[in-house]
Structure formats: structure tokens, C-alpha cells
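S.K.: Pasting a structure below so you can have a look.
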Amino acid sequence: MAEVRLVDIEKKYGSFLAVSKQSLTIHDGEFLVLLGPSGCGKTTTMRMIAGLEDITSGDIMIKGERINDKPPKDRDIAMVFQNYGLYPHMTVRQNIEYPLKLRGVKRGERKTRVQETADKVELGALLDRRPSELSGGQRQRVALARAIVRTPSIFLMDEPLSNLDAKLRVTMRAELKHLHHELGVTTVYVTHDQMEAMTLASRVAVMREGKIVQLDTPKKIYAEPADLFVAGFIGSPSMNLIDGSVKGGVFRADGVEIPVPLEDRSGVVLGIRPEELDISQGPNAPINGKLYALELTGESTLVTLRNGPTSVCARGHADFEADINSPCHLTPKDGARFHLFDRASGERLG
Amino acid sequence: MKRSLAYVGERALLIFISVVVLFPIAWMFLTAFKKPRDAYSLSLNFEPTLQNFVTVFSEPWNLGSMVMNSVIVATVTVVIAVPCAALAAYSFSRFRVKGRKFLFFLILSTQFIPAVVIVLPFFLMFRQLDLLDTRIALIIVNLAIVTPFVIWMIKGFIDAIPTDSEEAAMIDGASRLRVIKDIVMPMAAPGILTSSIFCFILTWNEFLFALILSRRDAVTLPVGLVSFRTERGDLWELMSAAGVMITVPIFIMALFIQKHFTRGMTAGAVK
């Protein structure tokens, strides 16, 4: 197990800045998720830790040792790739065995460890098959088995579930979580799926344009997004972000009037999560408009209301029914949290 | 009606092309088994003989030594060219160094020079080195001819291999050379086999340099064929027997590796 420290690391491709001077400490045994949209620098950051990309400037320390110039093989890491990165000409057994073989582990021990690892990820019966004869989920397990067979200090996982179907992704997510709990190895996980980040991470680093914009526990990031970008990125359905202004301690937008603790100013965005809104009957609700859409998700119904440019979504009861375009009213629940942001800079105001 | 006419026309054209292509080969195979008096006859009614094959392997023709020369020159060329070209192709495919494209173009551009232009400098060089009429000279020349071509071919196959597996191997603990040996080469094997066959065929059939640079000891099969044009006229039956000796090994090899050959071609073409 190991602590990973990134100190002012920067990555440039010519004049393009992929990662700009970032520092980050990943604690021993932690499951850290690098989360962000495509092109935000999360995979580049991970590849720098792996030694697959050179660092333009800065230092990477593993277990307190500077490893900038060490080749990947000497960093004591294991990585699971988005496209699995299996060796197609080798059987499952040979794939899992390969890292042990490279490290000179004796044949007898190799055999035992391969069998143990394969059993752990339920591949015991498929050891003599080739990757082309496996399903996507099975291939992903082979990649996982290959990573865990030699118990490295650090696991790096680059969107390992993105090629799986939705159902399998949920199953594999649970398996990853269990595996981390069982092995306790420091893990860095890259994803653009906020649900994966929320469910797996000890801490999440949300990245945007090569910078970490927020680093915290999933709970904290969900409850207190640092800026407008994080607020819109985390949560499904995402947070309602309503453009308006504050006058006399009240946030005002088309169909919206909510008291907020902020001095008068324009260009304010008010954020409130759909699950913190109730559908109310009376016309004197703080949020009023016409029903725009109803989406049944199974356990609830997403109710979208519109008033001019204002669009607000609430999570209602599964059997809620109403006519489209009929008047609709929403009330924040008791204790609902309002998030206020500056529209121009995206900064959090309160 | 129109359709059947088109069908008949299409078939007729195919048969015509097949006859044009196959006739000389069939003629060569038949002539190889004819006696000298039947060599110019187009009749299929002749008394077959194996004497031509016996004759070409005996004095003064000595086809045996030419077969040996061809086999050694082609095999050694392949054995040296393919590994070197594979490493070069890997470098061109994977390392983003400055001037990479220019260097690759430079290597390919050696193929644009007509052989006849450089045969004299080669002759002078080998004369200076006392290597005229040696297999070594022919191997060196053939390496110069085929290596750029094989680099270009193998690079196409390596380009088509995703880098994920290589990176996984590096993280698993493999050095770059180990990655090439354990991961890249097995994955590019069909392509490398295809390139090796092309390399062998090119060398096996090479004529101009072998003609100029060999005299007696290093004469290869294609050059040996010319010796059947004598003062007594062209000895077509012997030339055909020798032609069969040149064609059959390549033919058998093509049959054996046809599967890989096709797979290799596709692997390179589809990215």
C-alpha cells in the first residue's frame, strides 16, 4: 500500500495545456476518483502516474520516492484499461500469469496464485479460453485479475466499466467496491460517470480544463458543489440551475420567488436539487409554471415545469399524474439546501 | 435476354483473361516434360520424359548449385531483413521523434530509384571489396532492395495494433524489447509472415543484380535460365524444366500459407 503525491504536475502537448500545475495527495488505501468531462485531463493525469506519459514539469512521489524518471514497470502499479488491454494471443491463464512471469515468480507459485485470483473474480472455469471467446464482462474480469494477481502498491483504473452495458456496469461496480474493501490497495479511478464516482470513491477530484476544481468526499461534493460547473455535473438528474437576480433578500426569476441570504445583485444562479422539491397544490408556491414533461423512472416521476426561460425539475411520487401544460407548483422541502452562484464567474456565493 | 448476353460476355472475358495468364505457365510445365523435337509443337500428343530435369542438374548446367545459391541468398535475406525491418517498423509506428515522417519517406524513396542506375556503383563497390560473384554480395544487395519495402509493409500491420496491450505489458513489468517480443510480434505475426513471403519472392526472383554481380559461383536460378540460350539456339525444354524448379517452391509455399497471407493482408488494410 502507498501514498501518491502529485506536486505541481503539468502536462503540455506543444502549446496545448492538458494538465495545469496540479497538486494532489492520494492517501494510503484511499479510493480516489478523477471525475470530469472528456478532455479535462483526468486520463492524462493517470497516465502520468503510470509512467505512460512524460511530465512536462512537477513531481510524482510514490511512498515518498520521486518516480518521475522511473519506467512503468518499476513503479509497482497495476492498471486496468478502458479497452481492457488484454493479450489476445494468450489464454486467460497466460494473461493473468504474465505479470508474475515477468517478475520471476516460480512456476508452482504462479499456478497457485493464478488459480486463487481467477477464483476471486469468478474466472476459474475459463482459464484456458482466449479473450476473443469471452464476453465484455468476462474480459473486464481478466483485466482485473491481471491487475490484482501480484498485489501492487497502487491500482490505476481508466474508465474500466465504460464498455459494459448498464446492468453489468452496476454489478461490476459493486465488485470493484468489494475488491477495494478486501485488498485495501490505494486506487486511482478515472471516469466521466458521476454515478460511478459517487458510489465508489472515498474522495472525488472533479476536473475541468486540466484543473482540479473540487476535491472532497462524494457526500460533500454533492451537498456543497464548489462552483457552477460541479453543481451541474454532479447528481442525476442534475441540479436545477435557475438564472435570476436577488432583490430585497429574495431570488427572483420567471415564476420563481425564493428568499435567500444574499445582498442585492443581478447575474445570480440559484441551484436546487430535484429531490429537494415537493409538488404542491396551491398557486402561492415559490416556484410556479406550466407542466412541461413527466418522466416515470420506476421509483419516482420526474416532473419538469416551465415558465419563460425558467425550467425546473422535481422528483415526485411514482404515481403522480397531471396534464401537460396544466399549472404546476413546486415548493422546496423543509431544510432544502439552496446554492447560489455568480453567473459570469461560476463562483459559489452561498 | 440482355442479362444473359451480359453473363455470356462476362464469362467469355474471364476465360480469355485466364487463358492469356495461364497459357505461358501451362506451356512451360508441358515443355519441361517434352523431348527437344517436340518443344516447338503446340500438340498435347507427345511422349513425356523426365530427362530434362536430369539434364539440368548435370554438367554443364549444374542447376543444383544455382538452387543452393537461390535458397541461401533468399533465406539469409529474409532472416536478416525481417527482424531488422520489424524493429524499424515498430519504431516508426510508435515513437514520435522529430523528422520521423521525413525519415520514413527517405527510406521509401530508395524504392523509387531504377535498379539499372545503381547496379554499376554496386558492381564497382563489390569489385573493390573483392566480393564479386559471392553470395554475400547478393545478400547485401537484396537486403538493400527488400528492407525498405518490408519496413513499409510491417509498419502498416503494427499501426493497426492498439497500444493498450503494449502499455498493459509495460505496466505488468515488461521492458520495451520484451513488449515487442511477447506482445507486438505475436500480434503482428500474420503481417510479418506475409512480409517474409513477399521478401522471399522478391529475392528469389531478383534478376538484374544477380546477372551483373555473379559470374560462376554465385549464379542464382533466374540468371541460370539465361544460360539455356546457347549457340545451338534456345533450349526451351531445359529452360522450362529449370523454370518449373523456380516456380514450384514458391507455388507450394503460397499454398501452405495462403490462409495467413490473406489474413495478413486484411489485418494491414483494416485499421
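S.K.: If you check A:46, A:61, A:90, which single one turns out to be within 24 Å of residue A:175 (Cα to Cα) and either at pLDDT 95 or above or over 18 Å from the mean Cα position of the chain (by Cα) (or both)?
M.R.: Sole residue among the options that is within 24 Å of residue A:175 (Cα to Cα) and either at pLDDT 95 or above or over 18 Å from the mean Cα position of the chain (by Cα) (or both): A:46.
S.K.: Take the stretch A:57-87 and flag every residue that is crowded, with 21+ Cβ neighbours inside 10 Å, in a loop (DSSP other than H, G, I, E, B) and either out of contact with any helix residue (DSSP H, G or I) (no Cβ under 9 Å at 6 or more places or on another chain) or within 7 Å of another protein chain (Cβ to nearest Cβ) (or both).
M.R.: Once the filter is applied, which keeps residues that are crowded, with 21+ Cβ neighbours inside 10 Å, in a loop (DSSP other than H, G, I, E, B) and either out of contact with any helix residue (DSSP H, G or I) (no Cβ under 9 Å at 6 or more places or on another chain) or within 7 Å of another protein chain (Cβ to nearest Cβ) (or both), the stretch A:57-87 yields A:85, A:86, A:87.
S.K.: Can you find a residue that is of a type outside the set (Gly, Ala, Ser), without any contact (Cβ under 8 Å) to a residue 12 or more places away in the chain and in a loop (DSSP other than H, G, I, E, B) anywhere in the stretch A:106-118?
M.R.: Taking every residue of the stretch A:106-118 in turn, at least one turns out to be of a type outside the set (Gly, Ala, Ser), without any contact (Cβ under 8 Å) to a residue 12 or more places away in the chain and in a loop (DSSP other than H, G, I, E, B).
S.K.: If you don't mind, another one. Among residues belonging to the stretch B:78-107 that are touching a helix residue (DSSP H, G or I) at 6+ places or on another chain (Cβ under 8 Å) and aromatic (Phe, Trp, Tyr), point out the one that is surrounded by the most Cβ atoms within 10 Å (Cβ to Cβ).
M.R.: It comes out as B:90.
S.K.: Here is a further query. Does the stretch A:9-17 contain at least one residue that is closer than 23 Å to residue A:233 by Cβ, free of Cβ contacts under 8 Å to residues at least 12 places away in the same chain and under 25 Å from the mean Cα position of the chain (by Cα)? Lay out the reasoning, then the answer.
M.R.: Taking the stretch A:9-17 and keeping what is closer than 23 Å to residue A:233 by Cβ, we get A:9, A:11, A:16-17.
Those still in the list that are free of Cβ contacts under 8 Å to residues at least 12 places away in the same chain too: A:16.
Narrowing further to those that are under 25 Å from the mean Cα position of the chain (by Cα): A:16.
Within the stretch A:9-17, one or more residues are closer than 23 Å to residue A:233 by Cβ, free of Cβ contacts under 8 Å to residues at least 12 places away in the same chain and under 25 Å from the mean Cα position of the chain (by Cα).
S.K.: Right, something else. Residue A:269: among the β-branched types (Val, Ile, Thr), modelled with pLDDT of 95 or more, in contact with a Leu (Cβ under 7 Å, 6 or more places away or on another chain) and more than 19 Å from residue A:197 (Cβ to Cβ), yes or no?
M.R.: Numbers: among the β-branched types (Val, Ile, Thr): yes; modelled with pLDDT of 95 or more: yes; in contact with a Leu (Cβ under 7 Å, 6 or more places away or on another chain): yes; more than 19 Å from residue A:197 (Cβ to Cβ): yes.
So residue A:269 fits the description; yes.
S.K.: Also, quick follow-up: Just name the residue that is modelled with the lowest pLDDT out of those in the stretch A:2-35 that are assigned to a loop (DSSP other than H, G, I, E, B) and on the phi > 0 side of the Ramachandran plot.
M.R.: Across the stretch A:2-35, the extreme among qualifying residues is A:14.
S.K.: Any residue at all in the stretch A:89-103 that's in a loop (DSSP other than H, G, I, E, B) and either among the basic types (Lys, Arg) or touching a Ser or Thr at 6+ places or on another chain (Cβ under 9 Å) (or both)?
M.R.: Yes, some residue in the stretch A:89-103 is in a loop (DSSP other than H, G, I, E, B) and either among the basic types (Lys, Arg) or touching a Ser or Thr at 6+ places or on another chain (Cβ under 9 Å) (or both).
S.K.: Just give me the residues in the stretch A:16-50 being basic (Lys, Arg) and touching an Asp or Glu at 6+ places or on another chain (Cβ under 8 Å), in sequence order.
M.R.: Passing the criteria: A:21, A:47.
S.K.: Here's a follow-up. Cβ-Cβ distance below 8 Å, separation of 6 or more or different chains: which pairs start in the stretch B:157-176 with a residue that is more than 8 Å from every other protein chain (Cβ to nearest Cβ) and end on one that is outside any helix (DSSP H, G or I)?
M.R.: The qualifying pairs are B:157/B:188; B:158/B:188; B:159/B:271; B:160/B:270; B:160/B:271; B:161/B:188.
S.K.: For a quick check of your reading of the model, give me the residue pairs whose first member lies in the stretch A:32-50 and is away from chain B (no Cβ under 14 Å), whose second is of a type in the set (D, E, K, R) and part of a loop (DSSP other than H, G, I, E, B), with beta-carbon atoms closer than 7 Å and at least 6 apart or on different chains.
M.R.: If the second residue must be of a type in the set (D, E, K, R) and part of a loop (DSSP other than H, G, I, E, B), the pairs left are A:40/A:209.
Here's the yes/no breakdown for (1) among the hydroxyl-bearing types (Ser, Thr, Tyr); (2) within 23 Å of the chain's Cα centre (by Cα):
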{"site": "A:207", "(1), (2)": "no, yes"}
{"site": "A:225", "(1), (2)": "no, yes"}
{"site": "A:228", "(1), (2)": "no, yes"}
{"site": "A:233", "(1), (2)": "no, yes"}
{"site": "A:236", "(1), (2)": "yes, yes"}
{"site": "A:242", "(1), (2)": "no, no"}
{"site": "A:245", "(1), (2)": "yes, no"}
{"site": "A:254", "(1), (2)": "no, no"}
{"site": "A:291", "(1), (2)": "no, no"}
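S.K.: Moving to a separate point now. Taking the stretch A:314-346 as the search range and keeping residues that are of a type outside the set (Phe, Trp, Tyr) and closer than 19 Å to residue A:229 by Cβ, which one is surrounded by the fewest Cβ atoms within 10 Å (Cβ to Cβ)?
M.R.: So the residue we want is A:344.
S.K.: Here's a check for you: in the stretch B:140-184, which residue that is among the hydroxyl-bearing types (Ser, Thr, Tyr) and assigned to a helix (DSSP H, G or I) is surrounded by the fewest Cβ atoms within 10 Å (Cβ to Cβ)?
M.R.: Going through the qualifying residues, I end up with B:147.
S.K.: Tell me, which residue of the stretch A:125-149 that is of a type in the set (D, E, K, R) and without any contact (Cβ under 8 Å) to a residue 60 or more places away in the chain is surrounded by the fewest Cβ atoms within 10 Å (Cβ to Cβ)? Before the answer, list the steps.
M.R.: Keep residues of the stretch A:125-149 that are of a type in the set (D, E, K, R), which gives A:128-130, A:133, A:139, A:141, A:146.
Next, only the ones that are without any contact (Cβ under 8 Å) to a residue 60 or more places away in the chain stay: A:128-130, A:133, A:139, A:141.
Values: A:128: 10, A:129: 15, A:130: 16, A:133: 12, A:139: 21, A:141: 23.
The selected residue is A:128.
S.K.: Right, here's the next one. Tell me, yes or no, whether the stretch B:203-224 has at least one residue that is among the polar types (S, T, N, Q) and under 30 Å from residue B:160 (Cβ atoms).
M.R.: Yes: the stretch B:203-224 contains one or more residues that are among the polar types (S, T, N, Q) and under 30 Å from residue B:160 (Cβ atoms).
S.K.: Could you please let me know if residue A:105 is crowded, with 22+ Cβ neighbours inside 10 Å and either more than 10 Å from every other protein chain (Cβ to nearest Cβ) or within 23 Å of residue A:187 (Cβ to Cβ) (or both)?
M.R.: No: the conditions fail for residue A:105.
S.K.: Take residues that are in contact (Cβ under 8 Å) with a residue 40 or more places away in the chain and either assigned by TED's automatic domain parsing to the domain that holds residue A:224 or closer than 17 Å to residue A:245 by Cβ (or both) and tell me which of the strands (runs of 3 or more DSSP E) falling wholly in the stretch A:277-350 contain 1 or more.
M.R.: The strands (runs of 3 or more DSSP E) meeting that bar are A:287-296, A:301-307, A:310-316, A:339-342.
The values are calculated or read from the model by the stated rules, or taken from the named source; none is laboratory data. As the structure is a computational prediction, the values presented were derived from the model and not from experiment. Because the Cβ atoms are built from the backbone with ideal geometry, glycine has one as well, and the counts that use them run over all protein chains shown.
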